[in-house]
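A.B. asks: Encoded as structure tokens, here's the structure I'll be asking about.
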Amino acid sequence: MDVESGICQGNGDSGPSEFGVKIPERMLKREQDRLEDVERKKEVKKSQSVTEEKSGFFTATFGSERAAIEKLLAGCSGATDRVLATNTLEEVTTKTQQLQKFLNDSMVFLPQYELRQAQVALQKLQNSLAEKRDEILPKKKFAFRSRAANTPKVDPPVADPMSPVTPKDSGRTKVDGAISPPEQCGFSHFESQVLTKTGEEIKQQDVLLTHLTNCKVRLLGSPSTVHIKHVQNCEIFSGPVSSSVFVDHCTGSTLSFPCQQLRTHHTTDTQVYLHVTSRAIIEDCQGVCFAPFAWSYPGLDQDFKVSGLDRERNNWNQVDDFNWLAIGTQSPNWCVIPEAERRTEWDS
């Protein structure tokens, strides 16, 4: 370099510096790339720091709230004052609902392991609450009741097509003149029936619907999870599901529910009217179409509160297809139902 003349010898295009020295263009670009890389690393580090801070706050808050709920539940054991115990259970129910909402709002930044641990812990709390409620406020024993006059009597195994089946008819056996509770909540091996469960019967339980054909299923409450397996030509509508809905081997059906997460496998020619706070996932599916959740029934608003779902967050059209990894190209296995073709009439 000739310092006196202020000229830098080099190959390629060059640009002026503030001292009149010409700097090669490639060196300017290299320096610009370096500065941009430094800024990117700063942003990544800042983002990681914020995420860790949020995660730490969640862990501490979730743990303290969980401990408070467990303490309230423990105080109910052996309680002789029924009114006090009932009020305590109501407080526990409210706090559990608030904790569910806190978890739902935090899942966007939580690591998968921490999210799963929190979901398991919350499920245990909900199970403990249900057990404590049954212990302190036992329900009356089930007994056979006469059907309504306009409902034909059904003598198993021959079923009257599309005749309503109440929850008391499903999965229960007669023992010493009383009806024993089912081993699990749900319906299995029905054809051409109307199947209904009320909010009191569901009350944050896992619901299993399996081997159903040409059935109409209505879940009027807030389940904890819903499993739908081996169903064909069915209508399945559910109130808000606190955690996940799992669908497997479903064909020619219409599904409608709000939930935190949806995972769908081996499903074809099925419409899903969905409210989901995370993202829907499909795998090994074809002809699955989505539209926003639109079903309604008396008590839906309260069931949303019980579930803890955020009504303002709905990712119904954000679907991840695990069989279609081409970025920027629409998967052929799912679509959005055009507005003109969406269902507008619903029955409960």
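The values are calculated or read from the model by the stated rules, or taken from the named source; none is laboratory data. Note that the structure is a prediction, hence the values are computed from the model and not measured. Note: ideal-geometry Cβ built from the backbone for every residue, glycine included; neighbour counts use all protein chains shown. Please note that ligands, DNA and RNA were not included when accessible areas were found on the heavy atoms of the full protein model with its side chains. Shrake-Rupley method; radii C 1.70, N 1.55, O 1.52, S 1.80 Å.
A.B. asks: Would you grab the residues whose amide H sits under 5 Å from the one on residue 186? Only those 5+ places off in sequence or on another chain, please, with H modelled 1.01 Å from N.
C.D. replies: For residue 186, whose amide H was placed from the backbone, the distant partners under 5 Å are 208.
A.B. asks: Extent of segment 232-312 along each principal axis, from alpha carbon coordinates, in Å, largest to smallest?
C.D. replies: Taking the Cα atoms of segment 232-312, the three principal extents are 34, 23, 17 Å.
A.B. asks: Would you mind computing, in nm to one decimal, how far apart the modelled labels at residue 60 and residue 263 are, each placed 7 Å from Cα along Cα→Cβ?
C.D. replies: Here the answer is 3.3 nm between the modelled labels.
A.B. asks: In terms of solvent-accessible area of protein heavy atoms at a 1.4 angstrom probe, what is the ranking of 187, 102, highest value first?
C.D. replies: I get 102, 187, largest accessible area first.
A.B. asks: I've got another one for you. Take residue 71 and residue 305, extend 7 Å from each Cα along the Cα→Cβ direction, and tell me the distance between the two endpoints in nm.
C.D. replies: In this crude spin-label approximation the distance works out to 2.5 nm.
A.B. asks: Moving on to the next point. Rounded if a/c is under 1.5, else prolate if a/b beats b/c, else oblate: with a ≥ b ≥ c from the C-alpha gyration tensor eigenvalues square-rooted, which is segment 214-348?
C.D. replies: Taking the square roots of the gyration eigenvalues as a ≥ b ≥ c, segment 214-348 is prolate.
A.B. asks: For segment 288-348, what D do you get in µm² per second when you plug the Kirkwood radius from alpha-carbon pairs into Stokes-Einstein at 25 °C and 0.890 mPa s?
C.D. replies: Reported coefficient: 172 µm²/s.
A.B. asks: On to the next question. Over 23 Å between Cα atoms: which of 101/124; 124/216; 71/132 fall into that group?
C.D. replies: With Cα atoms farther than 23 Å apart: 124/216.
A.B. asks: Give the calculated FRET efficiency between residue 83 and residue 134 to the nearest 0.05, with a Förster radius of 22 Å applied to their Cβ-Cβ distance.
C.D. replies: Step by step, r from the Cβ atoms, then E = 0.75.
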